[in-house]
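The structure under discussion appears below in the form of structure tokens.
The values are calculated or read from the model by the stated rules, or taken from the named source; none is laboratory data. Given the structure is predicted, the values throughout are model-derived calculations rather than measurements. In this analysis, Cβ positions are derived from the backbone assuming ideal geometry, glycine residues included, and neighbour counts consider all displayed protein chains.
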Amino acid sequence: MDIIGRSVPRLDGISKASGEFQYAADVLLKDALIGKVCRSPVPHAIIKRIDTSRAVELSGVRAVLTHSDVHGPNVFGAVTPDQPVLCHDRVRYPGDAVAVVAADSEEEAELAVAAIGIEYEPLPIVTNPQEALQDTAPRIHERGNLAHHIYYSKGDVGAAFGKADVIVSETYHTPRQKHMYIETEAGFAIPTRKGVEVYAATQVPFQDRVQISRALSLKQDYINVKAIDLGGGFGGKEEITTQIHLTLLAMKTKRPVRMNWTREESGIAGTTRHAMDIELKTALQKDGTILGNEARLTADTGAYLSYGPTVVEVAAGSINGPYRIPNTHVEGLLVYTNNPPAGAMRGFGVAQANFAMETQLDTAAEKIKTDPLKLRKLNALHEGELDGTGSLPITKPRFAETLTTIEHANLWKNKRAYRGKGKYPWLVRGIGFAAGMKSIGYGAFPEHVNVKIRLTGEGTYLVFLSNPEMGSGTSTALRQIAAKALNTTISRVQLTARDTKHGVDSGGSDASRGLYVVGNAILKAAENLRRKMTTTAAPTLRVRSNQLKLTSTAVIGSGKRLSLHKLARTRTITGSGWYSVPRPSDPLPATFSIPNVLFSYAASVANVEVNRLTGEVKVLNVAFAPEVGTIINRRGLVAQCEGGITQSVGYTLMEDMQVNEGRVRTPNFTTYVVPTIQDVGNRVILPVANVSEPSGPFGAKGAGELSTISVPAAICNAIHDATGVRPTVLPCTPERILLMLENVNKSTL
């Protein structure tokens, strides 16, 4: 049976479900010290004095380090470094790291942190990005509060709006969403003769090594970063968390050091999804043809950049969606505030932009009295048409097939049966539709991927790569790809060495890229290895190499057979594979990462019930159609989609990292509400059939973020269908829905 397309169980599932698996915080080391961070309690201040004298005298304390112990630039950041490893002159949000300590125990480390005396001189703060753009606003950084600014135009926007029959204009707001993974940020470091080995809960080990090296002026050869498979990442573990602090402490004390953020520390110091204000204006003809789109997206990056520049670029680059819009002007602004830093999170700017655009299109469909799905079909991009930025022709846009798939879903075909009254008169039900697309990979960033496969002495295969498994199931799917390419069984393929010392850089676990990018590199490495294996076996079998082929356990040809374990004894045989991801020759002016070349598509139908007395919204059913090319692991795809839908329900209805005067008010599961299985209703996954991506491994594309794109707008459009009120602010809490219902009732009196 072909391994591709089968529902293979997660190969790490049993160990994780049983509790046998060791996450970063589970690893116990002999003689390991405990590391803790002393963080600023104030949102903006000059540091007048740091006194560590009391802390260093406490029992069990082995090191207390400040900025003076950082022998390097003392700055980190994934895109443009701007965040201090340890603050020296000022702090910019409550959570900024000022000092680190290492002690024999958790309690002694906490006492040492409390004993550090820091004198702050408060500075004015600004926490609203619109206010931060004003000339009179306090400056968070010397260069000003506008951290990044992009824009692009195509066509004649003024003319388009001049001849429009219908204009829809609205402002949308999306909140900070916290990753709230099961495993908080954690790791440990072990000093070596020249440097350090860092073991971390990270999505990007090679990028971590670059950041450690750069911040501390330490040669990369002296650093080995090993990624421990994660208990959830969602983008939050793409940025530096514990890694540089662990390196400092381990090198200072010459002892292993462990660090595990508390849930509250994760809530305060970890990154969030970017909150955005999106002003959107759309021009249409009365038949539904979209003439033009104007958008201004303002993203709150908090005190530091992290991935902010690329997030706002991807958001701005995707605001026009998979639609034919001949005239457009889009502006994206990234703004510094004294709020906690925002960074990468599943959906990476597209989740925010798509909510706005898909709500906008539903409003337009209502105005011109047409079916919302038909409106999307009418304006869907086709092969060869320019993308939303007007930069590149779209290749293989399977959006039309995606819309057709969801159109035939029971939830949409029989939508009348899912509307109307619930069990009680105050319960009303509605149906909502939305669609969208998500880019794959790093866009205009160069992306050169390396994978190696080695034949072992047991006649099995080791695949060397750098992509940690973070719960997505990608590792299982990559083993399926390798098994198919090597004509063997999945049990005879292992993934290994997610660290930097082997020099096998296949990038990180992010950007919906793992299956597509790394899968392609595996195919090339497997091809190289097969050629070497048959060439090596040919003299022994006295058969030309081109007449030989691989089976699961041997090289065979002309009636002869050489077992793989005997072949491996002749010499070490390793195949290497390089893959360069398709990318535009140049990014758009003043951008890092757009346009993108390759996309996956999705469409959603949501069925909700709204309590008109309390404002509570309950998701009853969701039908979701992902277009991801060839499906490698059907069970894995369904699990990814169901998880993404759950995360989308949280984003839409309840999740909001609330911040007041820069201080996080919801840092843990007691105060920050996430959905449970009771909140997400019945989920039906309907993969788009009979599609294949020619450039993908066995025709596959990425799927990791796709289910976070279209579901929020589908839920909000269903709320409107049920109640007549149109949510433009997320999350749709009971208080907000009730207020909207009350305002509608007042206006009709």
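What do you reckon, is E170 among the acidic types (D, E), surrounded by 15 or more Cβ atoms within 10 Å (Cβ to Cβ) and in a loop (DSSP other than H, G, I, E, B)? For E170, the condition - among the acidic types (D, E), surrounded by 15 or more Cβ atoms within 10 Å (Cβ to Cβ) and in a loop (DSSP other than H, G, I, E, B) - is not met. Residues of the range 173-196 that are hydrophobic (A, V, I, L, M, F, W, C) and either crowded, with 20+ Cβ neighbours inside 10 Å or in a strand (DSSP E or B) (or both): M180, A186, F188, A189, I190, V196. When S593, S512, S506 are checked against the criterion of being under 13 Å from K452 (Cβ atoms), in a loop (DSSP other than H, G, I, E, B) and under 40 Å from the mean Cα position of the chain (by Cα), a single residue qualifies: S506.
Is it true that I150 is outside the structural domain of T666 (by TED's automatic domain parsing), farther than 15 Å from Y336 by Cβ, at pLDDT 95 or above and in contact with a helix residue (DSSP H, G or I) (Cβ under 6 Å, 6 or more places away or on another chain)? Yes; evaluated as a whole, the condition is true for this residue.
Quick check on the range 490-497. Is at least one of its residues free of Cβ contacts under 8 Å to residues at least 40 places away in the same chain and in a loop (DSSP other than H, G, I, E, B)? Checking the range 490-497: at least one residue is free of Cβ contacts under 8 Å to residues at least 40 places away in the same chain and in a loop (DSSP other than H, G, I, E, B).
Matching residues to (1) more than 23 Å from the chain's Cα centre (by Cα); (2) at pLDDT 95 or above; (3) in a loop (DSSP other than H, G, I, E, B); (4) surrounded by fewer than 24 Cβ atoms within 10 Å (Cβ to Cβ):
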position: G267; (1), (2), (3), (4): no, yes, no, no
position: D277; (1), (2), (3), (4): no, yes, no, yes
position: K281; (1), (2), (3), (4): yes, yes, no, yes
position: G292; (1), (2), (3), (4): yes, yes, no, no
position: A299; (1), (2), (3), (4): no, yes, no, no
position: S306; (1), (2), (3), (4): no, yes, yes, no
position: T310; (1), (2), (3), (4): no, yes, no, no
position: E313; (1), (2), (3), (4): no, yes, no, no
position: A316; (1), (2), (3), (4): no, yes, no, no
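Counting only residues that are closer than 23 Å to S472 by Cβ and without any contact (Cβ under 8 Å) to a residue 40 or more places away in the chain, the range 607-665 holds 1 of them.
Evaluated against (1) out of contact with any Gly (no Cβ under 9 Å at 6 or more places or on another chain); (2) surrounded by 12 or more Cβ atoms within 10 Å (Cβ to Cβ); (3) in the same structural domain as L248 (by TED's automatic domain parsing), Y23 falls short on exactly one condition, (1).
Do the conditions hold for A63, that is, is it outside any strand (DSSP E or B), of a type in the set (A, V, I, L, M, F, W, C), in contact with a strand residue (DSSP E or B) (Cβ under 9 Å, 6 or more places away or on another chain) and surrounded by 20 or more Cβ atoms within 10 Å (Cβ to Cβ)? No. With respect to the stated conditions, E447 fails to be more than 13 Å from R513 (Cβ to Cβ) and touching a helix residue (DSSP H, G or I) at 6+ places or on another chain (Cβ under 9 Å). In the range 423-474, counting only strands (runs of 3 or more DSSP E) that sit wholly within it, the ones holding 3 or more residues that are in contact with a Gly (Cβ under 7 Å, 6 or more places away or on another chain) span 427-439, 448-455. What about E366, is it at pLDDT 95 or above, assigned to a helix (DSSP H, G or I) and over 23 Å from T708 (Cβ atoms)? Yes. Residue check: Y442 meets all listed conditions (1) within 25 Å of T363 (Cβ to Cβ); (2) modelled with pLDDT under 95; (3) touching a helix residue (DSSP H, G or I) at 6+ places or on another chain (Cβ under 9 Å) but one, namely (1). Checked against the criteria, A112 counts as modelled with pLDDT of 95 or more, surrounded by 14 or more Cβ atoms within 10 Å (Cβ to Cβ), small (G, A, S) and over 30 Å from L280 (Cα atoms).
Would the range 467-474 turn up any residue that is assigned by TED's automatic domain parsing to the domain that holds V517 and on the phi > 0 side of the Ramachandran plot? So far as the range 467-474 goes, yes, one or more of its residues are assigned by TED's automatic domain parsing to the domain that holds V517 and on the phi > 0 side of the Ramachandran plot.
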